[in-house]
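Trainee: Could you have a look at this structure, given as structure tokens, before my questions?
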Amino acid sequence: MTAGMADRLVIFDVDGTLCDTYELDDVCFCEVAAEMLGVPVPPASWKAAPEITDAGILAWLWDRHLGRRPAPGELEAFVARFEAVLARELRRAAGRSLAMPGIARLLGRLAEAGWDVAFATGGWGRTARLKLRSAELPVEPLLASSDDSPDRAEIFRLAGSRAALRYGAPHARTVLVGDGLWDVRVAARLGWPVLGIGRGERAHRLREEGAAAVVGDFQDTEAVLDLLLEIR
């Protein structure tokens, strides 16, 4: 993807939005946390954390179980081990498509439809890039991650400001595309509309939280492009 002249920006979350890696990421993260803390850390138990980012969840787990924040060496060791475990599981998933249905085609159409593109994630940059490569998706639009801040809203704000620098001008309109309730809350803080991605109960909860529209996947490219223009 190259710099464009659009005045519209779409920012995609990674896990569960670009990549079908939400559950895999959760299991790997909790496996490594349990190893390092020496206590069970069930998948999705981190949802009580005040900041739903890898850095925020790690700080919450350390405070909860050890009464302190992780030391720099522990943080570095966690990320390295997490990356290794994630790489192992991605190798086991070889042959299964990890890209969300229709996303590659949509990414290829956005520029000609007048949109600039950025990715942002509550995960760490190195593990996000690993997942994007495994899903055969571009890594260069990843502009902000948990390396930048434990605060999810700050991560997405940074992605927006860095996109303005990358593309050469501020964007008059920004839309966030995400699968989590936390994505809807972040967008509300930043004054952006949200296109949610999910089915069934997740779709219902996204709408209840305030997503302007929800799609099950990205396979109907033109319908998604229309929604990006229409939602407020």
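The values are calculated or read from the model by the stated rules, or taken from the named source; none is laboratory data. None of the values given here were measured: they were computed from a predicted structure. FYI the Cβ positions are ideal-geometry reconstructions off the backbone, even for glycines, and counts take in every protein chain you see. Quick note on the areas: whole protein, heavy atoms, side chains included, nothing else; ligands and nucleic acids left out. Shrake-Rupley method; radii C 1.70, N 1.55, O 1.52, S 1.80 Å.
Trainee: Report for the chain the percent antiparallel among DSSP-assigned beta bridges with both residues inside it, nearest 5. Display every interim value, and only then the final one.
Mentor: On the way: 1 of 20 bridges.
Bridges in the chain are about 5 percent antiparallel.
Trainee: So, one more: Amide H of residue 21 versus every other amide H placed in the peptide plane: which residues, excluding those fewer than 5 positions away on the same chain, fall under 5 Å?
Mentor: Excluding prolines and chain starts, which carry no amide H, the hits are 16.
Trainee: Hey, how many Å between the Cα centroid of the range 190-232 and the Cα centroid of the range 44-103?
Mentor: 26 Å
Trainee: Another question, then. Amide H to amide H, which residues 5 or more places from residue 175 or on other chains are under 5 Å from it, using H placed in the peptide plane?
Mentor: Correct list: 9, 10, 11.
Trainee: Let me ask something additional. Starting from the Cα of residue 226, step 7 Å along the direction of its Cβ; do the same at residue 87; then give the gap between the two resulting points in nm.
Mentor: A separation of 4.5 nm, rounded to one decimal place.
Trainee: If you don't mind, there's one more thing I want to ask. Taking Cα extents along the principal axes in Å as the quantity of interest, determine which of (i) 47, 46, 34; (ii) 50, 38, 35; (iii) 71, 43, 36 was computed from the displayed structure.
Mentor: Here Cα extents along the principal axes in Å agrees with entry (ii).
Trainee: Let me ask another. Counting only protein heavy atoms, what percent of the accessible surface of the range 76-192 is carbon or sulfur at a 1.4 Å probe? Spell out each step's value before the answer.
Mentor: On the way: 2480 of 4820 Å².
After summing per-atom areas, the C and S share lands at 52 percent.
Trainee: In the full protein assembly as shown, how much of residue 154 is accessible to a 1.4 Å probe, in Å² to the nearest 10?
Mentor: 60 Å²
Trainee: Give me D for the range 75-198 in µm² s⁻¹, whole number, from Stokes-Einstein with Rh from the Kirkwood sum over alpha-carbon pairs, 4 °C and 1.567 mPa s.
Mentor: Values: Rh = 15.6 Å.
Rounded, D is 83 µm²/s.
Trainee: Using the basic label-point model (7 angstrom from Cα toward the beta carbon), what is the residue 35 to residue 66 distance in nanometres?
Mentor: Each label point is offset 7 Å from its Cα along the Cβ direction, giving 1.5 nm.
Trainee: Rounded to the nearest 500, what is the 222 nm mean residue ellipticity of the chain from helices alone, with -39500 (n - 2.57) per DSSP H run of 4+ residues and division by all residues? Intermediate values should be presented prior to the final figure.
Mentor: Numbers: 9 runs with 114 residues, N = 232.
Theoretical 222 nm ellipticity from helices: -15500 deg cm²/dmol.
Trainee: Long-range amide H contacts for residue 197: which residues qualify at under 5 Å (H placed 1.01 Å from N, peptide plane, sequence gap of 5 or more or a different chain)?
Mentor: Amide H neighbours of residue 197: 178, 179, 215.
Trainee: Right, something else. Determine one quarter of the surface area of the Cα convex hull of the range 119-175, which equals its mean projected area, and express it in nm² to one decimal.
Mentor: On the way: hull surface 15.8 nm².
That works out to 3.9 nm².
Trainee: Of the trypsin sites (Lys or Arg not before Pro) in the range 1-95, which ones lie in a loop per DSSP and count no more than 13 other C-beta atoms within 10 Å? Mind showing how you got there, number by number?
Mentor: On the way: sites: 8, 47, 64, 68, 81, 88, 91, 92; in loops: 68.
Taking the range 1-95 and a limit of 13 other Cβ atoms within 10 Å, the loop trypsin sites (Lys or Arg not before Pro) found are 68.
Trainee: Pop the C-beta distance of residue 112 and residue 207 into the FRET formula with R0 = 25 Å and round what comes out to the nearest 0.05. Before the final figure, lay out each step's value.
Mentor: Details: r = 30 Å, r/R0 = 1.19.
So the FRET efficiency works out to roughly 0.25.
Trainee: Comparing 37, 176, 137, which has the greatest mean-square fluctuation in the GNM of the chain with Cα pairs linked when under 10 Å apart?
Mentor: The residue with the greatest mean-square fluctuation here is 37.
Trainee: In a shell of Cβ-Cβ distance under 12 Å around residue 161, excluding residue 161 itself, what net charge do Lys and Arg (+1) and Asp and Glu (-1) give?
Mentor: On the way: positive: 157, 162, 166; negative: 148, 154.
Value of the local net charge: +1.
Trainee: What number, in percent, do you get for the relative contact order of the range 1-145 if the mean sequence gap of Cα pairs under 8 Å and at least 6 apart is divided by its residue count? Working shown, then result.
Mentor: Details: 165 pairs, mean separation 55.7, N = 145.
Relative contact order here is 38 percent.
Trainee: Bin width 5 Å, origin at 0, all Cα-Cα pairs of the range 45-92: what percent of pairs per bin?
Mentor: Histogramming the range 45-92 at 5 Å steps yields 5, 21, 22, 24, 17, 8, 2, 0 percent.
Trainee: What accessible area per residue, rounded to a whole number of Å², is obtained for the range 92-222 using a probe radius of 1.4 Å?
Mentor: Details: 5620 Å² over 131 residues.
I get 43 Å² per residue for the range 92-222.
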